[in-house]
Amino acid sequence: MLLVGAAVVALAWANSPWSASYDALWGTVVSVSAGDAAFEMDLGHWINDGLMAVFFFVIGLEVRRDLAVGELTRRRRVVLPVVAGVGGMVVPALLYLLIAPSGEAARGWGVVIGTDTAFLLGALALVGPATSTQLRVFLLTLTVVDDIVAVTVIGVVYSGTLHVPALVLAGAGVLALVALDRWGVWRTWPYALTALAVWAATIASGLHASIAGMVAGLLIPAFAPRREEVEGAALRFRAFRQSPLAEVGRSAQAALARAVPVNERMQIVLHPWTGYVIVPLFALANAGVDLRGGLLGEALTSPVTWGVAVGLVAGKFVGIGGSALLGARLRLGAFPQGVGPGQVLGGAALSGIGFTVSLLIIGLAFDSAELQDEATVGVLLAVVLAIALGWVVFRLAAVLHGETSAGLPMVLCRPVDKDRDHLLGPADAPLTLVEYADFECPFCARATGVAKEVREHFGDDLRYVLRHLPLPDVHPHAELAAAAAEAAGAQGRFWEMHDLLFAHPEQLELEDLAGYAGHLELDVEAFLHDVDEQHHAERIREDVADAEASGARGTPTFFIGMRRHVGPYDARTLIAELDAARAAGGTAPATRDER
């Protein structure tokens, strides 16, 4: 809404009696100096080359996090969005060049390759399905490709003459960021100062600053929370509670910061600034086209205007939608769970909103003010047409194919079976808490004490159920540990083995498991036979399939009765959710026998 509001204000201002003040404002020179050294640009360039570098820096942070711990870690799921992203750049560029094939106008092909991620997600919330989390992930993944290529085009194709010494300094800054990551530096300021130096050197080199922002963001480390650092922070805060002195508090603060990756700390600080200040300010500075004097009529007959509009709207729709459908047909990958082909086409239509990236490239691609204005009209026209097309496609998908939701399932697909499931507490307790866990996960309930605290709070009113969701891609011993728990369960000692496995998540080799079996006085030979012969593999696979069908993607995942819990999973939050569910009529799902 801020983005749209800023664009409307810019258009109204540029077409008002005060339009001269609009141009004068962005032409105001702003200088930063220290002694004889000065860094000077007009206000428009400070926004486009300075603040927008921060915008692309945040995109780089998001991509790095996704590559490290997010959706992009699962390479099989990335193939289809990547194919769609490539199609969503090639087809628009070709359509543009078909309409505007020669002269300075042909330089505008880069205007249509980008998608405004923020605007896209806002439009998706307005005209898309009521629940669109999975479609959102798919679109975000393909815009990663979009953003990387768009920034590369900006930095390479639309940059001026290169200044080699400054380029060498920028390269040295990039190597410094790599070194900071390798050395395990966890404080924010070394990364921030180095990224600032890379930006300044990139500006001086003649490359566009956006490439500095993206590259620097990609080099800021991201990783999954580490149990030892989280526990260290907890110990420091416990010490502060016992001894509330300034130096103890400072130590606790540092320990907490160290437990959270620099990447995520930077995102938390910068996201509000990019979303609520930088992007709307960019729209205010760049969307102001003076449509008086016949410009609108001229623009509507200009090949540049229609090249941009058709390239964005039709090109993205055909390029992304067609590539995604063809890729799925050729089994290169699959759509995310819960997302239908019609919804993918709806997302492809909304991807025709190029706004931020397109406006940025317009100022770099064209020297002619007339062509810049005509291309800007095309971008604004594409916003309206893309949203309208997206609305129509989503409505048709819902009516013709029943595609009304694009989110993960929220309901437990298999009810609790007291004869099959592992339960703690009375089988007929009124409240049920189901956890999908991985024994190598450092933050599952037993490891953090969550299950114990919740059970102590509710007593016999709660039955706690544990199901397996080993994640072998990140926890190589998880499946073996699950098999050990089931082998111990065959001898009536599941929960005792469960406690030992969670107490030693870093000691899950076969010899460790045999030692735990001996400690529990199990028949070790029978235990190892069960594990080696994979007697319980089918049960574990069933739990994993149930987790997938129930929308569980990681561990721990909790279900309050039949509903999947979303959000924090500390004991206090789970207790509050269980209390709320009891007030609403209870949470115990029907057992298989009752069904």
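Using only alpha carbon pairs under 8 Å that are at least six residues apart, calculate the relative contact order of the chain and give it in whole percent. Please report the intermediate quantities before stating the final value.
Working: 964 pairs, mean separation 106.4, N = 595.
Relative contact order, the chain: 18 percent.
At 37 °C and 0.692 mPa s, grab the translational diffusion coefficient of segment 1-160 from Stokes-Einstein with a Kirkwood Rh over Cα pairs, rounded to a whole number in µm² per second. List each step's numbers first, then the result.
Values: Rh = 18.7 Å.
Roughly 175 µm²/s, to the nearest whole number.
What residues of segment 127-168 lie in the reach of a label at Leu396, counting those whose backbone N is under 12 Å from a point 7 Å from the Cα along Cα→Cβ?
From segment 127-168, the list is empty.
Each residue of segment 281-289 in order: what ³J(HN,Hα) in whole Hz does its phi give by Karplus 6.51 cos²θ - 1.76 cosθ + 1.60, θ = phi - 60°, with x for Gly and Pro?
Karplus-based 3J(HN,Hα) across segment 281-289 equals 5, 4, 4, 4, 7, 10, 8, x, 9 Hz.
If you count only protein heavy atoms with a 1.4 Å probe, what accessible area per residue comes out for segment 145-213, rounded to a whole Å²? Numbers along the way, then the final one.
Details: 3290 Å² over 69 residues.
Counting only protein heavy atoms, the per-residue value for segment 145-213 is 48 Å².
So what is the relative contact order for segment 96-156, in percent, with contacts set as C-alpha pairs under 8 Å and at least six apart? Before the final figure, lay out each step's value.
On the way: 21 pairs, mean separation 23.4, N = 61.
Reported as a whole number, the value is 38 percent.
Calculate how steeply helix 52-69 sits against the longest principal axis of the alpha-carbon atoms of the chain, using the helix alpha-carbon long axis, and give the answer as 0 to 90 degrees to the nearest 10.
With both axes taken from Cα atoms, the answer is about 30 degrees.
If I measure Cβ to Cβ between cysteines in the chain, which ones have no partner under 4.7 Å?
Cysteines of the chain left without a disulfide-compatible partner: Cys413.
Where Rh denotes the Kirkwood radius from the mean inverse Cα pair distance, what is Rg over Rh for segment 87-132? Before the final figure, lay out each step's value.
Details: Rg = 14.5 Å, Rh = 12.3 Å.
For segment 87-132, the value is 1.18.
Here are some values of Rg/Rh (Cα atoms, Kirkwood Rh): (1) 1.04; (2) 1.14; (3) 0.98. Which one was computed from this structure?
(1)
Ignoring everything but the protein chains, give the 1.4 Å probe accessible area of Arg563 in square angstrom, nearest 10.
Ignoring ligands and nucleic acids, Arg563 comes out at about 130 Å².
Once you have the Cα-Cα distance between Leu196 and Val8, take 0.36 nm times their residue separation minus that, and quote the gain in nm to one decimal. All intermediate terms of the calculation are to be shown ahead of the outcome.
Details: separation 188, 0.36 × 188 = 67.68 nm, distance 3.23 nm.
Answer, rounded to one decimal: 64.5 nm.
At a 1.4 Å probe radius, carbon and sulfur cover how many percent of the accessible area of segment 491-562?
Working: 1590 of 3440 Å².
The computed percentage sits at 46.
Evaluate E = 1/(1 + (r/R0)^6) for Leu256 and Ala172, where r is the Cβ-Cβ distance and R0 equals 41 Å; express this FRET efficiency to the nearest 0.05.
0.80
7 Å from Cα along Cα→Cβ at both Ala20 and Glu521: what's the point-to-point distance in nm?
9.7 nm
In whole Hz, with x marking every Gly and Pro, tabulate ³J(HN,Hα) for segment 569-577 from phi via Karplus 6.51 cos²θ - 1.76 cosθ + 1.60, θ = phi - 60°.
With coefficients 6.51, -1.76 and 1.60, one gets 10, 6, 4, 4, 5, 5, 4, 4, 5 Hz.
If one takes the longest principal axis of the Cα atoms in the chain, at what angle in degrees, from 0 to 90 and to the nearest 10, does the Cα axis of helix 494-503 lie?
The angle comes out at about 50 degrees.
Once amide H atoms are placed 1.01 Å from N in the peptide plane, what residues at a sequence separation of 5 or more from Ser302, or on another chain, have their amide H within under 5 Å of its amide H?
So Ser302 has HN proximity to no qualifying residue.
Report, to the nearest 10°, how far helix 316-329 tilts away from the longest principal axis of the Cα atoms in the chain, using its own Cα long axis and a range of 0 to 90°.
30 degrees
For labels at Thr73 and Ala234 in the simple 7 Å Cα→Cβ model, what's the distance in nm?
Here the modelled spin labels are 2.0 nm apart.
Along the Cα-to-C-beta direction of Glu548, a point sits 7 Å from the Cα; which residues of segment 323-353 have their amide N less than 13 Å from that point?
Hits in segment 323-353 for Glu548 at 13 Å: 334-338.
Between Glu506 and Val30, what is the label-to-label distance in nm when each label sits 7 Å out along the Cα-to-Cβ direction?
4.8 nm
Select from Met497, Ala571, Ala484 the residue farthest towards the positive end of the dipole of segment 444-595; place +1 on Cβ of Lys and Arg, -1 on Cβ of Asp and Glu, and compute about the Cα centre.
The one lying farthest along the dipole's positive direction is Ala571.
Using a Förster distance of 60 angstrom, determine the FRET efficiency expected from the C-beta separation of Glu533 and Val566, and round it to 0.05. Intermediate values should be presented prior to the final figure.
Numbers: r = 38 Å, r/R0 = 0.64.
Here the calculated transfer efficiency is 0.95.
The values are calculated or read from the model by the stated rules, or taken from the named source; none is laboratory data. This one's a predicted model, so the numbers in the text were calculated from it and none came from an experiment. Don't worry about glycine lacking a Cβ; one is built from the backbone with ideal geometry, like all the others, and counts go over all protein chains shown. When the accessible area is computed, the model is the full protein with side chains, heavy atoms only, and any ligands, DNA or RNA have been set aside. Shrake-Rupley method; radii C 1.70, N 1.55, O 1.52, S 1.80 Å.
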